[in-house]
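The values are calculated or read from the model by the stated rules, or taken from the named source; none is laboratory data. Keep in mind the model is a prediction, meaning the values are calculated, not measured. Cβ sites come from the backbone with ideal geometry, for glycine too, and all protein chains shown count toward neighbours. The area values use the complete protein model at the heavy-atom level, side chains included, leaving out ligands, DNA and RNA. Shrake-Rupley method; radii C 1.70, N 1.55, O 1.52, S 1.80 Å.
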Amino acid sequence: MKTEVAWETIEPEAIRHLQNLIRIDTTNPPGNEIEAVRYLASVLEAEGLRPRVLESAPGRGSVVLRLPGRDDAEPLMLLSHLD
């Protein structure tokens, strides 16, 4: 199943989220990426998803989101960082 992407519709939203993330100071050290994690989690929640925010140390965090797979396809993991 091929899904077409309406780039002209989602581009402004993507730019807005990128601008908002860039405005959050996650300079390392000290890191303090928890604010970016919370922002990203709020965006995912607004889309009806259920992300988990994990704080490994004060100010240091990750957001984890699991989506169910389809059929018997192999799992896929996407990984990035927010600083």
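Can you pull out the GluC sites (Glu not before Pro) in the stretch 22-68 that DSSP calls coil and that have at most 13 other Cβ atoms within 10 Å?
The qualifying sites are Glu47.
How many percent of the accessible area of the chain is carbon or sulfur, using a 1.4 Å probe?
Using a 1.4 Å probe with all protein chains present, the chain comes out at 55 percent carbon and sulfur.
Accessible area per residue of the chain at 1.4 Å probe, in Å²?
Heavy-atom accessible area per residue stands at 88 Å².
Go through Leu54, Met77, Thr26 and say which Cα lies farthest out towards the positive end of the charge dipole of the chain; charges sit on Cβ, +1 for Lys and Arg, -1 for Asp and Glu.
Leu54
Where nothing but the Cβ of Lys and Arg (+1) and of Asp and Glu (-1) is charged, how large is the charge dipole of the chain around its Cα centre, in debye to the nearest 20?
It comes to approximately 240 debye.
Once you treat every alpha carbon in the chain as an equal point and sum by Debye, what is log10 I(q)/I(0) at q = 0.23 Å⁻¹?
One equal scatterer on each Cα of the chain leads to -1.21.
Tell me, what is the percent relative contact order of the chain, built from C-alpha pairs under 8 Å that lie six or more residues apart?
25
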